[in-house]
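Have a look at the structure below before the remarks.
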Amino acid sequence: MKLKIAILPGDGIGPEITEQALKAVKAVAKKFNHELEYEYGVTGAAAIDQVGDPYPEETHQLCLKADAVLFGAIGDPRFDNNPKAKVRPEQGLLAMRKKLGLYANIRPVETFESLLHKSPLRRELVEGANFVCIRELTGGIYFGEKGRKDDGNTAYDTNTYTREEIERILKLAYEFAGKRRKKLTVVDKANVLESSRLWREVAQEMAPQFPDIQTEYMFVDNAAMQIIQWPKNFDVMVTENMFGDILTDEASVITGSLGLLPSASIGVFTSVFEPIHGSYPQAAGKDIANPIATILSAAMMFEYAFNLPEEGKIIRDAVAASMAEGFVTEDIAEGQAQRTSAVGDWISHWIEKQ
Ligand code: IPM
Ligand code: MN
């Protein structure tokens, strides 16, 4: 099969981690005789520096032509510390999500047996925890009307959702739950927010169409607590853009490191696969960042974009093997910490040897 991939390394550790994922992708392509074609595009601060736009049209066209996009990370402290900056790297990521119609962000939260002791939670709480957070990605407060008034002294961001936006994400979430343990938790703040009341209303209307799935409703503050207290109770969780952003960073902690969680963003056009973590600028260029979240994102790319589950599985097995071996970066290492590039090499060689 021909695999046509756009690679957007982005900022900070982005280039290093996407390089390791690419090594794994190359190893898989070779092993399963797929023809791999890939091309790089610029995004984020790097693109602002080069062309003044964090998601240039050229990059967008590259994504549209590709069968999948492998994305690193976006963000640069030069902009974080300057609230007056007119263009920001993050706008590139948001523009990409919007223009590619990536309304669903799928973030699986899985624990690794060999890492259970790294979790800040007790082993018995996290052992076997396995859930998926489905985050709405192109609506809500990220994209609603925003601005300043009163000479800049009042600022507002609007949280807007339409019935259509809610229906399509809930439908996808129900389909996911149907393939898993058949439990869907709809997370909102319907006791306070009107937009959340619409979410709940739509969910209550849809639930009877999925009689084999247990629908549960939970306020986001309570969900934040339950993720930590009873992570095993969740199967599929669906929520709006910002709640999903926050809850998945929180959820990553139970697995032992933010450097482990991959994601898939799917929707209307080409799907994008990216780690859930940011650009970790302090580590950029140091060859110390954990590449596993990006490598697992490549596994999701095989499964979701190419419908090649065996190829995805071999990457997952390779990652599990590197962890069982303790051949990992400093965030999760017990003894000797390995370099980013060494972990990428180890994983791709493991794949080649199978
Ligand atoms: C994420 C990130 C982004 C988000 C930022 C970089 C805009 O935190 O993908 O979770 O908030 O969506
Ligand atoms: Mn985030």
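The values are calculated or read from the model by the stated rules, or taken from the named source; none is laboratory data. Model, not experiment: these values are computed from the prediction. Note: ideal-geometry Cβ built from the backbone for every residue, glycine included; neighbour counts use all protein chains shown.
Among the helices (runs of 4 or more DSSP H) confined to the range 54-130, the ones with at least 1 residues that are within 29 Å of Gly285 (Cβ to Cβ) and assigned by TED's automatic domain parsing to the domain that holds Leu3 are located at 57-65, 77-80, 89-99.
Just to confirm my filter: which helices (runs of 4 or more DSSP H) fall fully inside the range 235-354 and include at least 2 residues that are over 26 Å from Glu167 (Cα atoms) and away from ligand 1 (no atom under 16 Å from the Cβ)? It comes to 292-300, 309-325, 340-353. Beta carbons closer than 9 Å, at least 6 apart along the sequence or on distinct chains, pair a first residue in the range 243-258 that is among the acidic types (Asp, Glu) with a second that is away from ligand 1 (no atom under 14 Å from the Cβ) for Glu250/Ala224; Glu250/Ile227; Glu250/Ile228. Taking the criterion of being under 16 Å from Asp245 (Cα atoms) and either out of contact with any Leu (no Cβ under 7 Å at 6 or more places or on another chain) or of a type in the set (S, T, N, Q) (or both), the residues of the range 120-143 that qualify are Phe131, Val132, Arg135, Glu136, Thr138, Gly139, Gly140, Ile141, Phe143. Look at (1) modelled with pLDDT of 95 or more; (2) under 27 Å from Arg123 (Cβ atoms) and you find that Pro211 fails only one, number (2). Here the condition is being at negative phi, crowded, with 22+ Cβ neighbours inside 10 Å, part of a loop (DSSP other than H, G, I, E, B) and touching a residue at least 24 places away in the same chain (Cβ under 8 Å); of Thr160, Thr185, Thr138, it holds for Thr138 alone.
The rows are residues; the columns are (1) among the hydrophobic types (A, V, I, L, M, F, W, C); (2) closer than 22 Å to Arg180 by Cα; (3) more than 15 Å from ligand 2 (Cβ to nearest atom); (4) under 16 Å from the mean Cα position of the chain (by Cα).
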site: Pro208; (1), (2), (3), (4): no, yes, yes, no
site: Gln214; (1), (2), (3), (4): no, yes, yes, no
site: Lys232; (1), (2), (3), (4): no, yes, yes, no
site: Gly259; (1), (2), (3), (4): no, no, no, yes
site: Thr270; (1), (2), (3), (4): no, no, yes, yes
site: Glu274; (1), (2), (3), (4): no, no, no, yes
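Residue-wise test of (1) touching a residue at least 24 places away in the same chain (Cβ under 8 Å); (2) over 28 Å from Asp331 (Cβ atoms); (3) within 16 Å of ligand 2 (Cβ to nearest atom); (4) touching a Cys at 6+ places or on another chain (Cβ under 7 Å).
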site	(1), (2), (3), (4)
Ala27	yes, no, no, no
His34	yes, yes, no, no
Gly75	yes, no, yes, no
Asp80	no, no, yes, no
Lys99	yes, yes, no, no
Glu110	yes, no, no, no
Ala129	yes, no, no, no
